[in-house]
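Inspection log for the structure reproduced underneath, given as structure tokens.
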Amino acid sequence: MNELSAKDKAEEEMINQAFHKLLDDYLHTKHRKRVEIITKAFNFANQAHKGIKRRSGEPYIMHPIAVASIVCNEIGLGSTSICSALLHDVVEDTDYMVEDIENIFGPKIAQIVDGLTKISGGIFGDHASAQAENFKKLLLTMNDDIRVILIKIADRLHNMRTLGAMLPNKQYKIAGETLYIYAPLANRLGLYKIKTELEDLSFKYEHPEEYAEIEEKLNATATERDRLFNEFTVPIRAKLDTMGLKYRILARVKSIYSIWNKMQTKNLPFDEIYDILAVRVIFEPRNPDEELNDCFDIYVGISKIYKPHPDRLRDWVSHPKANGYQALHVTLMAANGQWIEVQIRSERMNEVAEQGFAAHWKYKDGGGSEDEGELEKWLKTIKEILDDPQPDAIDFLDTIKLNLFASEIFVFTPKGELKTMPQNATALDFAFSLHTDIGSHCIGAKVNHRLVPLSHKLQSGDQVEILTSQSQRVQPQWELFATTARARAKIASILRKERKAHQNLGEETLGEFLRKEEIMTNPASAMEKLRKLHGFHTMDELLVAIGDKSLTLGEADKNLLRDKRSGNWKRYLSFSFGSGKEKEGEEAGKEGAPTNAPKEKIDTKGVIKLTEEALKEKYVMADCCHPIPGDDVLGYTDDNGRIIIHKRQCPVAAKLKSSYGNRIIATVWDTHKELTFLVYISVRGIDDVGVLNDITQVISRQLNVNIRKLNIETDDGIFEGKIQLWVHDVDDVKTICNNLKKNKNIQLAVRVEN
């Protein structure tokens, strides 16, 4: 009993220390000091969660305190948000109702807690429809009070920081969901530091070895980076001192996830990532009205010391990003011949960059600002999509996500009005951004007074005029070259309405045809026969084709439907709907239980071991990413109960983790170089006599690996090639690439998808 009470006392002391640290942090902010209500919220939550433990074993109340601390310190919100964070799980996990919160803490805190309760348990539930529904709720709360989503992001950040306590399959689901939705949302709301940490933590749990490897290399090169930073900034400091500025200069190291992402997309080794170091100059303006001029004065000053890259000036000062970010980015040539990016920003700009819209509110004046207008525009787009959502959950997520991570370009209307568009936006996207009517009737565009098609990609600085015609209507192929969420959603909505109208007309036309020809048969039976005759996949496709006149019913259809066997319609009904048993099986598959998983090879954490026997008989390797032993992989149970093995970083797997997280299975390889797998290796280098022979010698003779296909082309003394070969695992690939690169003429040897 004494031991238990000692443990209880220790926990109580830990809880009180954590809360007092939160209070101290809050008292050091510029917010008005409403300590009483925060203390009241803590006491209420502490009592409500008493005796409940997290999976890690610590008292549950430590989680709300940690979320409130993130809300206070890292997002910069005030007492209302801190109270809401402390109370965010009370309604979800205890017997208290939203009404109780309202009675004690007032309507505003109750509204935020209610918003958080509605989107609890991650954005996504267990089924696709529920996932889309929950995501819609999440986005709708942004219109009610943006603080709901900011606190939700803080909640997710703390969950990611403590993800080690979860089972591996849960880790992959949560990490995948974080990378797919939460990191882009944090980015869109200007929470750059949080976005970076969410990405790094997701990467750490999905690819622990690669994370550790890059971390080790960063640590090994830290001394060299520090030396370069000090040498590079000495003359810059001297210049800023002569300008009489109060400033600080910081080194910014590229995040581990960003480095890995660049290595993957550009097929580069770590040693060839040259933008790991960037320099940040943060200054106090000499005069609040001169902030913008100071940025450009600093730029001019340091450009006299180091030569700037002519194409790499990014002016986010005059034209802030949609999430409020402001800075002047310039890339300078250092004395050692390396390009280094310098980011110039005031203390105010830096706070907005770190804390996003929370900091932005602090600096806003009564009339609002251009940046808030950008947020309003984005929220309006979201609302339009929510009013007419995609029927499929993954399509819906993709449509929203389109505008989350996009870089921005600036284009002008014919009258010189500036418009912000996502990078890669087309003339069609621009038309829909002006008005739905302009978009749906556009026939082309003039970009810089030159006629271009609707699929033309816009560049920053373009002046765009949209040409319209009332006879024009939305074309199905427009979905292929619309890139913004707004345009895609509008086009899909118009096409769906047209399709529905054609489908209804098709039903009427088919009914009239059957009556006129006096064909007495069950409509379902008739449609099934006609579907097969004309080769349509679904009944809906058949009806649309009849409705839009692309299919005209004629003699062949009459002869088919007058077949005397067509009266036996019960046969078609059973074919269409299936038996009860089949339905149960299908639903069981959808629940995601790995019904055919080899039970004897599952460890205590629920991780399935991929043995040679299992790979031959039970699992399917995904065609999208071609995993091999040694790759970080996971399993996904499809609708038929099959387990498909994907690489964890595969784009298809990213969607599956976000949308069907309950079907994700943690897997590890347990093969012993008995099976072989096809891989592609890309090689590039200096063309020389005997290079081809050297390549085949390394692969076939030294390593005893079979080459399936080899294709090499040369151009002006440079050769590029692709080799398809059989290997046992990732170690084989690494050995082959390392041995190939020992040849002085081979500059690059790297595994590629195909």
For Thr667, the residues 5 or more places away or on another chain with a placed amide H closer than 5 Å to its own amide H are Ile608, Gly635
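Give me the extension gain from Asp694 to Asp715: residue separation times 0.36 nm, minus the current Cα-Cα distance, reported in nm with one decimal. Provide the component values of the computation, followed by the final result.
Working: separation 21, 0.36 × 21 = 7.56 nm, distance 1.89 nm.
Gain in length upon complete extension: 5.7 nm.
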For peptides 66-77, 164-175, sequence by mean Cβ density within 10 Å, most packed first: 66-77, 164-175
Per residue, the convex hull volume that the Cα atoms of region 215-363 enclose (Å³): 129
Determine the gain in length on full extension of the stretch Ala501-Asn43; use 0.36 nm per residue of separation and subtract their C-alpha separation, reporting nm with one decimal. 159.0 nm
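Suppose R0 equals 41 Å. What FRET efficiency, 1/(1 + (r/R0)^6) with r the Cβ-Cβ distance, do Thr265 and Leu27 give to the nearest 0.05?
Details: r = 45 Å, r/R0 = 1.11.
Result of the calculation: an efficiency of 0.35.
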In nm, to one decimal, how far is the modelled label at Thr538 from the one at Leu560, with both set 7 Å along Cα→Cβ? 1.9
Extension gain from Glu517 to Gln747, taking 0.36 nm per residue of separation minus the Cα-Cα distance: 75.4 nm
One quarter of the C-alpha convex hull surface, i.e. the mean projected area of region 1-55 in nm², amounts to 4.8
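Longer than 30 Å from Cα to Cα, which of Lys618/Lys741; Lys321/Lys734; Lys262/Lys321; Lys33/Lys152; Lys170/Lys262; Lys195/Lys655 are they? Say none if no pair is.
Numbers: Lys618/Lys741 37 Å; Lys321/Lys734 41 Å; Lys262/Lys321 23 Å; Lys33/Lys152 24 Å; Lys170/Lys262 27 Å; Lys195/Lys655 19 Å.
Beyond 30 Å between Cα atoms: Lys618/Lys741; Lys321/Lys734.
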If you average the C-alpha positions of region 239-273 and of region 179-214 separately, how far apart do those two centres end up, in angstrom? 17
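Calculate, for Thr162 and Ser318, the FRET efficiency according to 1/(1 + (r/R0)^6) with r their C-beta to C-beta distance and R0 41 Å; round to the nearest 0.05.
On the way: r = 42 Å, r/R0 = 1.02.
In this case the efficiency is close to 0.45.
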What order do you get for 533-540, 645-652 when each peptide is scored by the mean count of other beta carbon atoms within 10 Å, highest first? 645-652, 533-540
Give the calculated FRET efficiency between Arg473 and His309 to the nearest 0.05, with a Förster radius of 30 Å applied to their Cβ-Cβ distance. 0.05
Taking Arg684, Arg701 and counting other beta carbon atoms within 10 angstrom, the fewest-first order is Arg701, Arg684
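Taken together, the values in this text are just the output of simple stated rules run on the coordinates, not laboratory data. Computed from a predicted model, the values in this text were never measured in an experiment. As a convention, Cβ positions derive from the backbone with ideal geometry for all residues, glycine included, and neighbour counts pool all protein chains shown.
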